[in-house]
C-alpha cells in the first residue's frame, strides 16, 4: 500500500468514526450533546496542540504557514497565492475531508474541519486573523484561506 493510500484510508477511518460518534450523540442525547462533543474535539485535536506549537515556535506568519502546510500534506492540494511578511493567502483546490464527508452524506460534520481554521489561528497567536469566503465543503470550486498577523 502506498503512503497516499495509507493517508486516505486513515482519513476515511477517522471521518467515519467522527460521523458515527456525532450521529450516536445526536440520536440519543440531542444536538446539545453534539455541540459539547464538538467543543471538546476542537480543544483536544486543534486548540491545545496549536497552542503548544505557538508557544514553542516563533510566532510569525511564516512559521504558521510552514506548520499548516506540513499538516495538510497528503490530504490537501493548494497554491500559495500571496506570501508577504504578515499575510499569506492560499487557494486550496483539493481537500480529502470534503470528498470523504460528502461521500458519507455528512458535510455538516465535515464543516468542523473548516471551522477549525479559526481555532488554529486563535490557538497559535491571538493576534492572527483568518478570512475565508469559499469552501470545498460547501461545494465551491476552492477554499480561500487568508491569514493575517497584526503587527
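Where a number appears in this text, it was derived from the coordinates with a stated rule and is not lab data. Predicted, not measured: the structure shown is a model, and the values here were computed from it. Quick reminder, even Gly has a Cβ in these numbers, built from the backbone with ideal geometry, and neighbours come from all protein chains shown.
Descriptive notes on the structure:
- Relative contact order (%) - the range 81-151, alpha-carbon pairs under 8 angstrom, separation at least six: 39
- Structure remark: mean-square fluctuation, Gaussian network model of the chain, C-alpha springs under 10 Å; the largest value among 28, 86, 57 belongs to 28.
- Peptide packing: for 75-82, 92-99, the average count of neighbouring Cβ atoms within 10 Å per residue gives the ranking 92-99, 75-82, highest mean first.
- Over the chain, DSSP H runs of length four or greater, each weighted -39,500 (n - 2.57), average out per residue to a 222 nm ellipticity of -18000 deg cm²/dmol.
- Here the residues 113, 130, ranked from fewest to most Cβ neighbours within 10 Å of their Cβ, fall in the order 130, 113.
- Degrees separating the helix 3-29 axis from the principal Cα axis of the chain, which is the longest one: 60
- Rounded if a/c under 1.5, otherwise prolate or oblate - the range 19-71, Cα gyration tensor axes: prolate
- For 70, 38, the sequence from fewest to most other C-beta atoms within 10 Å is 70, 38.
- One quarter of the convex hull surface built on the alpha carbon atoms of the chain amounts to 9.4 nm², the projected area averaged over directions.
- The chain: relative contact order as a whole-number percent, Cα under 8 Å and 6+ apart: 25
- Among 142, 24, the ranking by other beta carbons within 10 Å of each residue's beta carbon, starting with the fewest, stands as 24, 142.
- Anisotropy class of the range 47-123 from Cα gyration tensor, a/c 1.5 cut: oblate
- Residue-normalised convex hull volume from the C-alpha trace of the range 86-151: 73 Å³ per residue.
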